[in-house]
Structure formats: C-alpha cells, structure tokens
Amino acid sequence: MFDEMSLKKELSYNKATDLVEGLVELPEKKSDACNQALVFLLRGITVNWKQPVGFFFSSNSAPSLVLHDLLLVLLQRVFAVGLMPVVIICDQAAANRALFGGLGVTVDKPYIQVRNLTLVMSSMF
C-alpha cells in the first residue's frame with residue numbers, strides 16, 4: 001500500500017551525518033522544505049505483519065510518472081526477496097488514478113497482472 005501525508009515544514013541539521021533534513025526529494029532533490037511524505041508499506045495477508053519499505057519527501061503530491069517508477073522498482077524488489085504481492089492499495093488521489101490508468105486499469109479490468117509488467121523507467125532514474 002502507499003499513501004501521502006501532510007507534514008509540517010521544518011528543516012533540521014543532523015550533526016551525525018552533516019546533512020540538512022526535511023528537504024524535497026521528489027520529483028527531484030531541491031533546496032525547498034518538504035510538506036508531504038509518500039510512504040510505501042508491505043503487509044501480510046495470511047500472517048499479521050507490516051513493514052514500511054520506503055518514504056520520500058516532496059513539496060506537492062508526487063506526479064503519476066514518479067509513482068509509476070517507484071511502484072515498479074518496489075514490485076521488482078518485493079519479487080526479488082520472494083514475496084508475492086496480491087493487491088496494491090491506495091486512495092483515489094488524482095495522481096494515483098493517473099498511475100493506474102497508465103497501467104491499463106479500467107472499470108472493465110480493475111486489476112493489473114504484475115508478473116507481466118516490464119520495468120520501464122522514466123528519465124528520472
């Protein structure tokens with residue numbers, strides 16, 4: 001599952017890593033303070049477990065092309081460790097609808113077959 005959440009804009013200096021934290025990462029790294037976090041989480045269906053597997057900071061909602069690339073990389077890595085994703089859960093934000101529309105999801109076909117996806121990356125990576 002994935003979702004975005006609002007954050008309070010705040011920058012802080014991490015002395016241990018010598019980095020300023022709280023800067024925008026999506027769609028590319030910038031020197032602006034972020035106000036959104038995109039979080040990816042895996043959850044078991046037959047076994048009760050959940051694990052956050054990625055988070056990214058942005059100043060606005062992540063565009064559908066960025067979501068597309070991140071989702072395909074995540075799916076590739078999930079399969080690589082032997083997990084078998086069954087569903088992808090998200091809300092109906094405009095970028096999420098555009099993402100699934102671009103993956104061929106329609107009212108008549110409300111699913112994607114993950115095993116047939118090819119890793120097509122945008123120029124972002």
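Only the coordinates and a few stated rules stand behind these numbers; no lab work does. Since we're looking at a predicted model, the values are computed, not measured. Quick reminder, even Gly has a Cβ in these numbers, built from the backbone with ideal geometry, and neighbours come from all protein chains shown.
Before moving on, here are some points about what is shown:
- Modelled this way, with points 7 Å down the Cα-to-C-beta line, the labels at Asn14 and Arg97 are 3.6 nm from one another.
- Under 19 Å from the Cα of Lys50 - aspartates and glutamates, other chains or at least 8 residues apart: Asp3, Glu4, Asp91
- For segment 1-62, chymotrypsin sites (Phe, Trp or Tyr not before Pro) are listed when DSSP marks them as loop and at most 11 other Cβ atoms sit within 10 Å of their Cβ; the list is Trp49.
- Gyration tensor (alpha-carbon) shape descriptor, segment 45-86, a/c threshold 1.5: prolate
- Each of the trypsin sites (Lys or Arg not before Pro) that DSSP puts in a loop and that has at most 16 other Cβ atoms within 10 Å breaks the chain; the longest unbroken stretch is 31-125.
- Among Asp69, Asp32, sorting on how many other beta-carbon atoms sit within 10 Å of each Cβ, with the fewest leading, yields Asp32, Asp69.
- Rounded to the nearest 10 degrees, the angle from helix 64-80 to the longest Cα principal axis of the chain is 70 degrees.
- In order along segment 6-18, the phi-based Karplus estimate (6.51 cos²θ - 1.76 cosθ + 1.60, θ = phi - 60°) of 3J(HN,Hα) comes to 6, 10, 6, 5, 7, 9, 9, 9, 9, 4, 5, 9, 6 Hz; Gly and Pro are listed as x.
- Nearest-20 debye value, the chain charge dipole, Cβ charges on Lys, Arg, Asp, Glu: 280
- For the chain, the Cα-based Rg and Dmax, in that order, read 15.9, 53 Å.
- Within the chain, longest stretch free of exposed GluC sites (Glu not before Pro) [DSSP loop, at most 15 other beta carbons within 10 Å]: 29-125
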